[in-house]
1. Rounded, prolate or oblate: which fits region A:100-155 when a ≥ b ≥ c are the square roots of the eigenvalues of the alpha-carbon gyration tensor, with rounded for a/c under 1.5 and prolate only if a/b beats b/c?
2. Just to confirm my numbers, what's the Cα centroid distance between region B:188-205 and region B:19-55 in Å?
3. Per residue of B:255-265, what is the mean number of Cβ atoms on other protein chains within 10 angstrom of that residue's Cβ?
4. Could you give the C-alpha radius of gyration of region B:193-289 expressed as a fraction of 2.2 N^0.38 Å, taking N as the number of residues it contains?
5. For region A:234-268 and region A:134-201, what is the centre-to-centre distance using only Cα atoms, to the nearest Å?
6. Between beta-carbons, use under 14 Å as the cut-off and find the net charge around A:Leu265, counting Lys and Arg +1, Asp and Glu -1.
7. Thinking of the protein assembly as shown as a set of Cα atoms, what percent of all their pairs are more than 44 Å apart?
8. Kindly provide the helix-only [θ] at 222 nm of the protein assembly as shown, computed as the sum of -39,500 (n - 2.57) over DSSP H runs of four or more divided by all residues, to the nearest 500 deg cm²/dmol?
Amino acid sequence: MLRLIATRVLSTIPVMGVVALIVFFMLRLSGDPAAILAGDTASSEQVEKIRVSLGLTKPLYEQFFGWVVQLLRFDLGTSLFTGLPVTTLIAQRIEPTAMLALTTIIFSVCVAVPMGVLAAWKSGGWIDRLVMVICVLGFSVPVFVMGYFLIFNFAITLRWFPVQGYTSPFVDFGRFLTQITLPTITLSFIYVALIARITRASVIEVLGEDYIRTARAKGQVEAKVLFRHALKNAAVPIVTVIGLGVALLIGGVVVTESVYNIPGLGRLVVDAITRRDYPIIQGLILFFALIYIVLNLIIDIIYTLVDPRIRY
Amino acid sequence: MTAPAAAMPRERLTGLFPFLKRYPLVAIAGVVLGVIVLAAAFAPFMFTRDPTALTPLQRLRPSSELNWLGTDHLGRDVWSRLVYGARVSVMVGLAVAALSILLGLVIGLVAGYIRWLDALVMRIMDGLMAIPGILLAIALVSVSGASLATVIVAIMVPEIPRVVRLVRSVVLTVREEPYVEAAVSVGTPLPAILIRHILPNCIPPLIVQATYVCASAMLTEAILSFLGAGTPPTIPSWGNMVAEARLLFQIAPWNLLWPGIALAVTILAVNILGDGLRDRLDPKLAKRM
C-alpha cells in the first residue's frame, strides 16, 4: 500500500517538470523575453537592464535550472507593475477564490449527484430528458452570459441579491452568503453538467449488476438501493470527474470573478493581462497547475485506500 | 472485417433519414448551424451595414427600423456586428477543430504505435493537461500579441492532448487485431500500416471529438475576448461585443443580450449535433456518456 502511494506521488514529478518546461519555453519561443517583460513602452536600456537582471545572457539550460531552483524555494518572481513578489500577491488574493471554489464544489456535488441518480433511475423518462437538457445547456452557455442573466433577473429586477462584490465570511458571514450565491450558481452550471452526466452514466451501468437485483429482491427500499448500493459502487468515475473538472472550474473562476467584481486570483489574472504583467500570469499558471496536480493526486490516493479493486 | 465494412455504408445511407426523424433536435441543430454559417459567409448581403461605422449621434438606441437590434455605445449597428461576429466564431471553431484534430491525430498515431516515443509524448500531454486551458491560452496570447491567428493557435494547443489520448487509445486496441498483425508479418511498411489499417478506425470517434472541440473553441474564444486577451477589439466578435456591453449593462442590457444569445445558440447547436453524431457513429462512447 505504502509503495503504491509512493509510486503515485513520484509520478507527479515528471508532470510538474513538463509544466515547468512548457511555461519556461513559452516565454522564450515567442521572441525576446526581456522585451516582452519590459512592455511596449520600454526603452532599449531598460530592456537591456531586465535582460541582465534576469540572467537571460546565460546559456539556456543554466537559466532553466536556476529558475527551477527558484521555484523550489517558492519564489515565483516579481510583479512588474507593483514590484511585489508574485507569491505575496497570490497570498493576498487567494481567500475569495478559495471560498468561491469551495461553495461551488459543495453546491455542485449536492445538486448534480442526486440529479444524475434520479436521471439514471428513471432513465428514458422525462426527468432523465430534463437532466440531459440541463447538461447540454451547461456545456453551451458561456459563463459570463449565465452570470449577466442571473444578475439581470435576480439582482437588478427582483433585487434578491446584491449585484457585485465580496465580503469575507470571517468578517460578516450573512453578507458573504448573499454575495456569494449568484457567483456560485453561475460557476456551478458547467460543473453540475459535468458531474450529473457522469453520475447518470455510471449509475445506469451499476444498476444492471446482480447485487442490485439481489437488493431489490430482498425488499430493500428503492432509495437505499439507489443511494447506498448503486451510488457507492458508481463513485469512482464520479469522484474522478470532480477532480478533473477542477481545470474547468479554474477557467470559470477567472470569468466569474470578473463578472461579479470579486477581488480574487481571477481578477489578478485579468488585471495582469491589461497591464501585460507577464510574471503574474506565469506564476498563476504554475500555481493552478500545482493545485490541479496535487488535488488529483489526493483523489487517487484516497481511491487506493478506499477501493481494494484499484491497483497501479 | 470486410463483411461488416461492406455492409455499413448501405445501412448508413438508408438510415440517415429515419435517424433524423427519430432525433428531430439533431435536425434542427443542423439547420440552425447551416443558417449561421451561411449568414457568416454572406454577411454583406444580410441587410447589414459597415459593422465598424460610428454614428455618435445614435448611441445606445433601442431597436428601430433602421437599427434592428439597436446601437451600441459608439453608435454602431448591433445587427451588423452580430452577423459579422458570427464569422469570428465560425472561423475559430472550424480552424481549431481541424488543426487540433490533425495535429492530435499525427501525434497520437505515432505515439500509440511506436513504443519508445509513447512514454515521452504522453508525459508532455499530461503536463499540458495539468495547465488550465483558458490560462494557457491567455498566456500564449499575451506573449505573442493579440491577432486572430494567435488566438486560434492559443485555443488549439490546450485541445491537442485530449485528441492525442483518444487516438492513442484507439491505436492501442487496434494494433493487437489480427489484420494488423497480418499486415506486419507480410512486411507492410510502417506508414502504410498506420494510414491504411489504423487510421480508418480513428475517424468515427474523431469526427465526434471534432464537434466538441469546435464548441469548446467558440466558448474559449468568447471568454478570451471577454477578458481582453482575445480577438483584437477592432474586429467585431461576440466576445468583444459582450466585453464592451458589460460596462453599460445596467443602461443598455440588450447589447449584452444579443451576442450572449448568439453564442449560446450556436454552441448549443454544435453540441447537439455532436451528441447526435456520437449516437450514430460511436455507439460504445454513447453508452458510456
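1. Working: a/c = 2.60, a/b = 1.56, b/c = 1.67.
Oblate is the answer for region A:100-155, as a/c is 1.5 or above yet b/c matches or exceeds a/b.
2. Here the two parts' Cα centres lie 36 Å apart.
3. Neighbouring Cβ atoms belonging to other protein chains average 3 per residue here.
4. Relative to the rule-of-thumb radius for its length, region B:193-289 sits at 1.44.
5. If you average the Cα positions of each part, the centres end up 12 Å apart.
6. In short, -2.
7. The share of Cα pairs beyond 44 Å in the protein assembly as shown comes to 22 percent.
8. Counting only the DSSP helices, I get -24500 deg cm²/dmol.
The values are calculated or read from the model by the stated rules, or taken from the named source; none is laboratory data. Just so it is clear, the structure is predicted and the values come from calculations on it, not from any experiment. Cβ coordinates were reconstructed from backbone atoms using ideal geometry, including for glycine residues, and neighbour counts include every protein chain displayed. Protein only, heavy atoms only, side chains kept; ligands, DNA and RNA dropped before computing areas. Shrake-Rupley method; radii C 1.70, N 1.55, O 1.52, S 1.80 Å.
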